[in-house]
């Protein structure tokens, strides 16, 4: 399986936690780099404010996935920038950007999450 596909699987598993409002657990399962940039409490608070008004996730499909070794504002490494077309109960069309990174042990975990 390609790095991109492994990263997509990691992103989907992580998004299941977010969809289930398991925000603290999503922080626990995030990349160490991510955890160093935001506290668990800040993450839970900001994610709750961001996601709760959208309601339930109705559908989510991969729009694009791009392997990168250099991204602005983060250390060089192995990343896959994944964009999902997502439909929520109260927002029919959104784009979620999830960026898993590969850690020193070879495991992919989420290092960034944005919704537009």
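Do you know which of the residues in the range 14-35 that are touching a strand residue (DSSP E or B) at 6+ places or on another chain (Cβ under 9 Å) and assigned to a helix (DSSP H, G or I) is farthest from residue 79 (Cα to Cα)?
Per the criteria, the residue is 19.
So which of 77, 73 is under 16 Å from residue 3 (Cα atoms) and over 13 Å from the mean Cα position of the chain (by Cα)?
Numbers: 73 fails: under 16 Å from residue 3 (Cα atoms).
Selected residue: 77, the only one of 77, 73 that is under 16 Å from residue 3 (Cα atoms) and over 13 Å from the mean Cα position of the chain (by Cα).
Checking the conditions here, which among 113, 90 is out of contact with any strand residue (DSSP E or B) (no Cβ under 9 Å at 6 or more places or on another chain), at negative phi and outside any helix (DSSP H, G or I)?
Working: 113 fails: out of contact with any strand residue (DSSP E or B) (no Cβ under 9 Å at 6 or more places or on another chain).
Answer to the selection: 90.
Is it the case that residue 98 is touching a residue at least 40 places away in the same chain (Cβ under 8 Å), under 17 Å from residue 1 (Cα atoms) and in a strand (DSSP E or B)? Steps first, answer last, please.
Details: touching a residue at least 40 places away in the same chain (Cβ under 8 Å): yes; under 17 Å from residue 1 (Cα atoms): no; in a strand (DSSP E or B): yes.
Against the criterion (touching a residue at least 40 places away in the same chain (Cβ under 8 Å), under 17 Å from residue 1 (Cα atoms) and in a strand (DSSP E or B)), residue 98 does not qualify.
Considering the range 27-37 alone, what residues qualify as being touching a residue at least 24 places away in the same chain (Cβ under 8 Å) and crowded, with 19+ Cβ neighbours inside 10 Å?
Hits for the range 27-37 are 30, 31, 34.
Look through 93, 45 and report the one residue that is under 21 Å from residue 12 (Cβ atoms) and either in contact with a helix residue (DSSP H, G or I) (Cβ under 9 Å, 6 or more places away or on another chain) or surrounded by fewer than 17 Cβ atoms within 10 Å (Cβ to Cβ) (or both).
Numbers: 45 fails: under 21 Å from residue 12 (Cβ atoms).
After ruling out the rest, the residue left standing is 93.
Testing residue 51 on (1) closer than 21 Å to residue 116 by Cβ; (2) surrounded by fewer than 15 Cβ atoms within 10 Å (Cβ to Cβ), one condition comes back false. Which one is that?
Here residue 51 meets the rest and fails (2).
Each row is one residue, and each column tells you yes or no for (1) surrounded by 13 or more Cβ atoms within 10 Å (Cβ to Cβ); (2) modelled with pLDDT of 95 or more.
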| residue | (1), (2) |
| --- | --- |
| 56 | no, yes |
| 65 | yes, yes |
| 78 | yes, yes |
| 87 | yes, yes |
| 97 | yes, yes |
| 103 | yes, no |
| 106 | no, no |
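Out of all the residues in the range 50-87, which are out of contact with any helix residue (DSSP H, G or I) (no Cβ under 9 Å at 6 or more places or on another chain) and part of a helix (DSSP H, G or I)?
Correct list: 50, 52, 53, 54.
The values are calculated or read from the model by the stated rules, or taken from the named source; none is laboratory data. Fair warning: this is a prediction, and the values are worked out from it, not measured in the lab. When we count neighbours, we look across all protein chains shown, and the Cβ atoms used for this are built from the backbone with ideal geometry, even at glycine.
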